[in-house]
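Trainee: Mind having a look at this structure? Questions to follow.
The values are calculated or read from the model by the stated rules, or taken from the named source; none is laboratory data. Not measured: the values here are computed from a predicted model. Every residue, glycine as well, gets a Cβ built from its backbone with ideal geometry; the counts of neighbours run over all protein chains shown. With ligands, DNA and RNA removed, areas are computed over all heavy atoms of the protein, side chains included. Shrake-Rupley method; radii C 1.70, N 1.55, O 1.52, S 1.80 Å.
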Amino acid sequence: MHVFSDPKELTDCQGGVFVPTMGALHDGHLALIRHAANLNQGPVIVSIFVNPTQFAPDEDFAQYPRDLDSDLEKVKHAGSQFVFTPSVETIYPLGEQSPAPPLPGVATNPGLEDAYRPGHLQGVCQVVARFFDLVNPAKAIFGEKDYQQLLVIKAMVKQEGDRWGDLEIIGHETIRESDSLALSSRNAYLSDEDRNRALGISKAFHGISTQLSVDECEQSMRRILEDHHFETEYAVVRDAQTLNIVTTFDKPTRALIAARLGSTRLIDNLAIPARLT
Ligand code: AMP
């Protein structure tokens, strides 16, 4: 496995399958990398870069877990041939104000990420666009764990036309602990007590029934989260493609939660098939 930070070395892995990460790798990331390797469609390239522009000044950029040696060991076993670990200067040669693509509409849907982390998805588009320019992949894999992010990246690629050729964005299902908690680098921040409370998220999803109204489902999710001491940012059901507000379960929808336990922010989502009757 080749580990490098000089973008000149990217010439060896153009046109491959790309898995961007911020490191602190867990089995969720590794599932994406394994999936990339199993596609058997050229070299697999993983990037490890904690992107400053997607963190607000009061967020955990400085504390974000970083352990490159352990990450490299894990990536090696998951089947990646290349690991790109660029510096901030390589990604942002013009500084952090470097140009970013316009934010697709699905990023600014009211009441979701943009409402609670203004600038976050703009920072994600900025860094992902820069990586796509440098890496020039044929495919890139993103987790459904960050569902709105996945839709935003897909919309950005569409919006940018042929900037990245026929680049295909592949979504990968969320990998969970045996008790259903979605794997996240931020789970490491949870105390034992909060780790227990975090199960409130899967319990909230469990309470959803398409026999109830959307409004009742949203209220039920909030109630369950509050019972588990969460401070809820959003607990909503939205159109699965556009993230627009819905009032019925007639089309495929997605339940989306962002909630805090103390200073730890957790997000998760659940696919809800359209109600048949
Ligand atoms: P991050 O390092 O948090 O930026 O995540 C890198 C990629 O891994 C993103 O595409 C995430 O959506 C994805 N990811 C993070 N956690 C999970 C998970 N539990 N299951 C599947 N994919 C994940």
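Trainee: Can you give the angle from 0 to 90° between the axis of helix 120-135 and the longest principal axis of the chain, with both taken from C-alpha atoms, to the nearest 10?
Mentor: The angle comes out at about 30 degrees.
Trainee: Along the stretch 141-156, what does the Karplus equation 6.51 cos²θ - 1.76 cosθ + 1.60 (θ = phi - 60°) give for ³J(HN,Hα), rounded to whole Hz, x for Gly and Pro?
Mentor: With coefficients 6.51, -1.76 and 1.60, one gets 10, 10, x, 5, 3, 9, 5, 5, 4, 4, 5, 5, 5, 4, 5, 4 Hz.
Trainee: Also, quick follow-up: Is there a quick way to get the dipole size of the stretch 26-86? I mean about its Cα centre, with the Cβ of Lys and Arg at +1 and of Asp and Glu at -1; what is the value in debye to the nearest 20?
Mentor: Roughly 360 debye for the stretch 26-86.
Trainee: Return the FRET efficiency for the residue pair Thr11, Asn38: r is the Cβ-Cβ distance, R0 is 30 Å, and the value is rounded to the nearest 0.05.
Mentor: 0.75
Trainee: Work out, step by step, the length gained on full extension between Asp60 and Gln241: first 0.36 nm times the residue separation, then minus their alpha carbon distance; give nm to one decimal.
Mentor: Roughly 62.2 nm would be gained on extension.
Trainee: Still on this model: Rounded to the nearest whole Å², what accessible area per residue is found for the stretch 189-277 with the 1.4 Å probe?
Mentor: For the stretch 189-277, the per-residue accessible area is 51 Å².
Trainee: Between the stretch 1-54 and the stretch 150-190, how many Å separate their Cα centres?
Mentor: Here the two parts' Cα centres lie 13 Å apart.
Trainee: Which residue fluctuates most in the GNM of the chain (Cα springs below 10 Å): Pro104, Pro57, Pro65?
Mentor: Pro57
Trainee: Quick one: which residues, 5 or more positions from Val83 or on another chain, have an amide H under 5 Å from its amide H? H modelled 1.01 Å from N in the peptide plane, none for Pro or chain starts.
Mentor: Those qualifying (amide H under 5 Å, at least 5 residues apart or on another chain) are His2, Val3, Phe4, Val46.
Trainee: In nanometres, what is the gap between the two model label sites at Glu89 and Asp166, each 7 Å from Cα along Cα-to-Cβ?
Mentor: 3.9 nm
Trainee: How far, in degrees from 0 to 90, does helix 68-78 lean away from the longest principal axis of the Cα atoms of the chain, to the nearest 10?
Mentor: Between the helix axis and the principal axis of the chain, the angle is about 90 degrees.
Trainee: Further question on the same structure: Over the Cα atoms of the stretch 33-173, what is the Rg over Rh ratio if Rh follows Kirkwood?
Mentor: 0.94
Trainee: Residue by residue through the stretch 217-234, what is 3J(HN,Hα) from phi via Karplus (6.51 cos²θ - 1.76 cosθ + 1.60, θ = phi - 60°)? Round to whole Hz and write x for glycine and proline.
Mentor: 5, 5, 5, 5, 4, 4, 4, 5, 4, 5, 4, 9, 6, 7, 9, 7, 8, 9
Trainee: Under a straight-distance cross-link criterion of Cα-Cα below 26 Å, which lysines are reachable from Lys251, leaving out those fewer than 8 residues away in the same chain?
Mentor: Result set, ordered by chain and number: Lys145, Lys154, Lys158, Lys203.
Trainee: Also, quick follow-up: Among the GluC sites (Glu not before Pro) within the stretch 154-256, which fall in a DSSP loop and have no more than 14 other Cβ atoms within 10 Å of their own Cβ?
Mentor: Those satisfying the criteria are Glu173.
Trainee: How big is the Cα convex hull of the chain in projection, averaged over all directions, in nm²?
Mentor: For the chain, the mean projected area of the Cα convex hull comes to 14.6 nm².
Trainee: Given H placed 1.01 Å from N in the peptide plane, which residues other than close sequence neighbours of Ile175 have an amide H under 5 Å from its amide H?
Mentor: Leu183
Trainee: Relative contact order (percent) for the chain, with alpha-carbon contacts under 8 angstrom and 6 or more residues of separation?
Mentor: Relative contact order of the chain: 17 percent.
Trainee: Give me a comma-separated list of calculated 3J(HN,Hα) values for the stretch 106-117, in order, Karplus coefficients 6.51, -1.76, 1.60 applied at θ = phi - 60°, integers in Hz, x for any Gly or Pro.
Mentor: 5, 7, 10, 4, x, x, 10, 3, 4, 6, 9, 10
Trainee: Can you show me the helix-derived [θ] at 222 nm for the chain, built from DSSP H runs with n ≥ 4 at -39,500 (n - 2.57) apiece and divided by the number of residues, rounded to the nearest 500.
Mentor: -9500 deg cm²/dmol
Trainee: Quick one: angle between helix 27-39 and the longest Cα principal axis of the chain, in degrees between 0 and 90, rounded to 10, please.
Mentor: 60 degrees
Trainee: Still on this model: For the stretch 133-209, what relative contact order do you get, as a whole percent, if you take Cα pairs closer than 8 Å and at least 6 residues apart?
Mentor: 29 percent
Trainee: For the stretch 141-267, which whole-number percentage of the solvent-accessible area (1.4 Å probe, protein heavy atoms only) is attributable to carbon and sulfur atoms?
Mentor: 43 percent
Trainee: Longest span of the chain, sites excluded, free of trypsin sites (Lys or Arg not before Pro) in DSSP loop with at most 14 other C-beta atoms within 10 Å?
Mentor: Maximal segment without exposed cleavage sites: 164-274.
Trainee: Averaged per residue, what accessible surface does the stretch 2-172 expose to a 1.4 Å probe, in Å²?
Mentor: Here the residues of the stretch 2-172 average 43 Å² of exposed surface.
Trainee: List the relative contact order of the stretch 190-269 as a percent without decimals, with contacts defined as Cα pairs under 8 Å and 6+ residues apart.
Mentor: 27 percent
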